[in-house]
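Only the coordinates and a few stated rules stand behind these numbers; no lab work does. Bear in mind that the values here come from a model prediction, so they are computed numbers and not experimental data. Glycine gets a Cβ as well: all are built from the backbone with ideal geometry, and neighbour counts include every protein chain shown.
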Amino acid sequence: MPSLSYASPTTINEAVSLLAGASGQAKLLSGGTDLLVQLRSGRVKPDLIVDTKKIPGIMGIREDGGGFVIGAATPGAVIEANAALKRAYPGVVEAMDLIGSTQIQGRATLAGNLCNASPAADSVPAMIAVGAVAVIVGSKGKRELPVEAVVVGPGRTSLAKDEFILEIRLPKPAPRSGDAYLRFIPRTEMDIAVVGCGIWVTLDASGVCTAAKVSLGAVAPTPLVVIGAADALIGHKLDDATLARLDAAAQAVCKPITDKRGTIEYRTKVAGVLARRTAAIAFQRAQGIAPKKAH
Amino acid sequence: MSKHHVTTTINGEPVEFLCEPQETVLDVLRNTLNLTGSKEGCASGDCGACSIICDGKLMCSCLMLGVEAEGHSLVTIEGIAQGEDLHPLQRQFLEHAALQCGFCTPGLIVASKALLDENPNPTEEEARYWLAGNLCRCTGYDKVIRAVMDAAAEMRGEAVRAA
């Protein structure tokens, strides 16, 4: 068996050099809740593990110009405990909180959920909906990428070998805006999404939607941005006709698979229903109404 | 193979050990340090039998590398009782017969300890959600939850109803 090395660099440059100079496969370690399972099963056989957690600033949340910067190795338990972030982006925080058990929340991260690149990743549609940006570092310096451009296929990202995510940035929340994420599973906890839906909206003073972004998870090889669904909301109040158009637009983009969690037909139908429910919560939040506990 | 030298704190005591990069904290606890209270159930973070508290946060020791323990403070099931005195959670688990085969019990007690450290007065629903990552195939969970709720009441200094 080839030997595995472990490194815990204390600067970005050192981490990038390690990744760039690795002769075989190098894997990044933050929370490890996916990586250690893959190591154990033999699905990945890296020669080098680069633990990012000693890089300054990679753990923790800070406010910046009214928006939020979430260090890539910040665990879910810390995100859930941040009252300001929860007030601004309850959908993103709830999506993160849905991932796994309390034990998993002690370690799992937004950036890890993103880079694991599962079609059913819970936090990803929620981040996409609010316009989250991944700040990526590598040999060529720093670049920013909208979250939806990170995942390119199941288990695959657009990051180069020597790149990793340093932080996730959430923009300053617009006035009268709100976000929500709902996941459908056949039980109440500890399962993988049949469908996940993230919606962000901005309303005018009369409750008419002026801007929206809708993202669906687990219905295609990657989380989807559903432009047709956002178009169904923009210019309208959330009445029955709007909900019907939203439902149809959500169903129209689904290209799911049939597996033990649901058939193609079931997932497609649920995507429409979930989009209706998620939009209702996002609209309420944009109007300053606290919805009933979403989960 | 190059072993890593790790300096950490376990149950309040300074501990040093050597480990291979791929060894988990659970491997180190059980095989190197002879702390065999933490159990390996699934080795994939699903069952909670290996639960530990690291710097105040509950986690699965099967999903943490031994080398990552460097500089951190861990609490395992062996650190829950004070000498010969059982923790109220341990006493209430016995009182309620909240275990049968006992394999999940160390993880459930560590996870419950983390809950009560953070929230001394949980609702039953909060306790059930908190413990959703600890699987027990014997008890059906009801006795576990009653034990946790009574231990919480006892620790708050409230009278505990008879089991």
Aspartates and glutamates whose Cα lies under 14 Å from that of A:Lys255, excluding same-chain neighbours fewer than 8 positions away: A:Glu265
For chain B, Rg(Cα) over 2.2 N^0.38 Å is 1.05
Exposed loop sites here are GluC sites (Glu not before Pro) in DSSP loop states with at most 12 other C-beta atoms within 10 Å. What is the longest stretch of chain B lacking them? B:1-83
For a protection proxy built on the mean count of beta-carbon atoms within 10 angstrom, sort A:188-199, A:148-159, A:64-75 highest first, please. A:188-199, A:64-75, A:148-159
FRET efficiency, B:Asn34 to B:Thr9 (Cβ-Cβ, R0 22 Å, nearest 0.05): 0.80
Compute the FRET efficiency between A:Ser23 and B:Ala159 as 1/(1 + (r/R0)^6), taking r as their Cβ-Cβ distance and R0 = 45 Å, and round to the nearest 0.05. 0.10
Restricting the count to DSSP beta bridges whose residues both fall in the range A:1-157, what percent are antiparallel, rounded to a multiple of 5? 65
Where a ≥ b ≥ c are root eigenvalues of the Cα gyration tensor, a/c under 1.5 meaning rounded, otherwise prolate if a/b exceeds b/c and oblate otherwise, the protein assembly as shown counts as oblate
Go from 0 up to the bin containing the longest alpha carbon distance in the range A:1-105, width 10 Å each, and give me the % of pairs per bin. 14, 37, 31, 16, 2, 0
Among A:Ser123, A:Ser41, A:Ser139, whose mean-square fluctuation peaks in a Gaussian network model of chain A (Cα, cutoff 10 Å)? A:Ser41
Enumerate the residues in the range A:182-206 having an amide nitrogen under 20 Å from the point lying 7 Å beyond the Cα of A:Ile264 toward its Cβ. A:194-196
On full extension of the chain, what length is gained from A:Asp64 through A:Arg43, given 0.36 nm per residue of separation minus the C-alpha to C-alpha distance? 3.7 nm
Taking 0.36 nm per residue of separation between A:Ala252 and A:Val152 and subtracting their Cα-Cα distance, the length gained on full extension comes to 33.9 nm
Return the lysines within reach of A:Lys172: Cα separation strictly under 29 angstrom, same-chain partners fewer than 8 residues apart disregarded; answer none if there are no such residues. A:Lys53, A:Lys54, A:Lys86, A:Lys140, A:Lys142, A:Lys213, A:Lys237, A:Lys292, A:Lys293
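Going by the alpha-carbon gyration tensor, a ≥ b ≥ c the square roots of its eigenvalues, is the range A:190-253 rounded (a/c under 1.5) or, if a/c is not under 1.5, prolate (a/b greater than b/c) versus oblate? It would help to have the intermediate numbers written out before the result.
Numbers: a/c = 2.24, a/b = 1.96, b/c = 1.14.
Prolate.
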Go ahead and run the numbers for FRET between B:Leu94 and A:Glu80, Cβ-Cβ distance against an R0 of 30 Å, rounding to 0.05. 0.40
CD proxy, 222 nm, chain A: helix-only mean residue ellipticity via -39,500 (n - 2.57) per DSSP H run with n ≥ 4, per residue, nearest 500, stands at -9000 deg cm²/dmol
Most packed first (mean Cβ within 10 Å per residue), the peptides A:28-35, A:125-132 order as A:125-132, A:28-35
At 0.36 nm per residue, and after removing the present C-alpha to C-alpha distance, how many nm does the segment from A:Lys237 to A:Glu144 gain when stretched out fully? 30.1 nm
When the helices in chain B are scored as -39500 (n - 2.57) per DSSP H run of 4 or longer and the sum is shared across all residues, what 222 nm value do you end up with, to the nearest 500 deg cm²/dmol? -8000 deg cm²/dmol
To the nearest 10 degrees, how steep is helix A:240-252 against the longest Cα principal axis of chain A, on a 0 to 90 scale? 40
Which of B:Gln92, B:Gln82, B:Gln100 ends up with the largest GNM mean-square fluctuation for chain B, with Cα atoms connected below 10 Å? B:Gln82
Under 15 Å between alpha carbons, and skipping anything fewer than 8 positions from B:Lys143 in its own chain: which aspartates and glutamates qualify? B:Glu95, B:Glu124, B:Glu125
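Let me confirm one metric for peptide B:52-60, namely the mean number of other chain beta-carbon atoms within 10 Å of its residues' beta-carbons.
Details: counts 2, 1, 2, 1, 2, 9, 8, 13, 10.
Partner-chain Cβ atoms within 10 Å, mean over residues of B:52-60: 5.
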Helix A:264-286: angle to the longest alpha-carbon principal axis of chain A, degrees 0 to 90, nearest 10? 80
